[in-house]
Structures are given as structure tokens and as C-alpha cells.
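This report refers to the structure that appears directly beneath it.
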Amino acid sequence: MSWLFLGIAIGAEVGATLSLRMASTKKWIWLIPTVLGYITAFSFLSLSLSAGIPIGVAYGIWTACGVVLTAIAGRLLFKEPFTWVMALGVAAIVGGVVLIEIGSQVSG
């Protein structure tokens, strides 16, 4: 259940960030899904922590997925740039999250 909560948190955060992008174009109605999305994201992040995911793992995955998904969605929805350097950064983020996950399972 904790991973489901984290998945919902990630989806809500990405949706809120994309809504914020729309609100920045003077379409103020987009502030409503922005605020609701961030409230949902933080609420479900909190639930995932309460359900047992360590904070370093949860926050690392949450932020990394948010960066990666938002960059890809920005390219698809808003025609924002996504260069090979950015793709390399995405790969580095994914690698870092994998290392955090592996490190959390190593007793130390």
C-alpha cells in the first residue's frame, strides 16, 4: 500500500506542476488544480512515509520521478526542449535513485 501512496503522490505532483505551467500563462483557473494537486501530493507522500517507506527513499523517488516525468511531459505538451544533455541528466537521476534504493536495503 505504501508504494501505491507514493505513486499517487508522484502523479499528483506532476499534475500540479504541469497545471502551474498553465497558470503561468495567465490562465488563472489552473491555480485550482495546482493547489489541489500539491495538497494531494504532500498528503500521499505523508501516507507513504506512515506506511513504512524510509524518507530518503520516498523523497528520492518522488522528486526524481517528478523531474523525469515533468521534463518528458513538458516536451510533449509544451514543446519545451529536451536535449541529449537533459537526457543524460535524467539517466543520472534514475541511477541515483537506484543507488539510494539499493543502499537502503544494505544493513549497515
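All of the numbers you see were taken from the coordinates with simple rules; none came from a lab. Here the structure is a predicted model, which is why all the values come from computation and not from measurement. Every residue, glycine among them, receives a Cβ derived from its backbone with ideal geometry; neighbour counts consider all protein chains shown.
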Original post:
Which of the residues spanning the range 5-26 are over 19 Å from Leu76 (Cβ atoms) and in contact (Cβ under 8 Å) with a residue 40 or more places away in the chain?
Top reply: Phe5, Leu6, Ala9
Subject >> Residue list for the range 1-26, filter: β-branched (Val, Ile, Thr) and outside any helix (DSSP H, G or I) >> reply: Thr25
